[in-house]
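Okay, structure first, notes after.
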Ligand code: SF4
Ligand code: SF4
């Protein structure tokens, strides 16, 4: 659900009723109580719950489209990354959490990364990597799941980072709008080079 803006008009000072504090506290507690009761009734009648909470450990939190979550690599139709291992995202990254190594098995620059990892524990979700990328190969997804008991598990390797392009369309649209001034023509999906190289 896209986020909206609600303007809240703030009053100066409090009335005598609010100064008593306890009635206001009771009123505030009525809100979760109302949700609790309506969910209990809905659950007993087999209806959908009206809860806004998410079971975070079991399900990743999905943020609205405008929010910047964890960066991921865009996979093309063949499942391969669109990344050409140019390293611009790693240079732009202010926290130096991107580690990219170009495949040079044939002793020359290849069009794919041999290693691409992001240390999510250090990522600031600033979006500079997606702005720097000339291939729309890295975008900030609407997924945020950074809590883990093992810090090493937050280092995401290329196999954890790859997400099909069609699942990332809202994020890609956001990047296109952001970079329209400097990149009027978005990059087209590349034909992945075969054994003959590029
Ligand atoms: S979002 Fe920012 S901190 Fe995170 S990988 Fe991209 S450039 Fe680095
Ligand atoms: S994700 Fe983009 S900027 Fe980063 S190395 Fe790949 S092509 Fe270059």
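Nothing in this text is a laboratory measurement; each read-out follows from the coordinates by a stated rule. Predicted model, so just to flag it, every value in this text is computed and none were measured. All Cβ positions, even for glycine, are placed from backbone atoms using ideal geometry, and neighbour counts span all protein chains on display.
Remarks
- Most tightly packed first, judged by the mean number of other beta-carbon atoms within 10 Å of their residues, the peptides 91-97, 18-24 read 91-97, 18-24.
- In this structure, residue 37 and residue 143 have a Cβ-Cβ separation that, at R0 = 25 Å, corresponds to a calculated FRET efficiency of about 0.20.
- Taking each residue as 0.36 nm, the span from residue 53 to residue 115 lengthens on full extension beyond its C-alpha to C-alpha distance by 18.6 nm.
- Summary of packing: across the peptides 118-130, 135-147, the per-residue average of other C-beta atoms within 10 Å ranks them, highest first, as 135-147, 118-130.
- Three-way shape call for segment 61-179 based on the alpha-carbon gyration tensor, with the a/c threshold at 1.5: oblate
- Compactness relative to 2.2 N^0.38 Å, alpha carbon Rg of segment 13-53: 1.63
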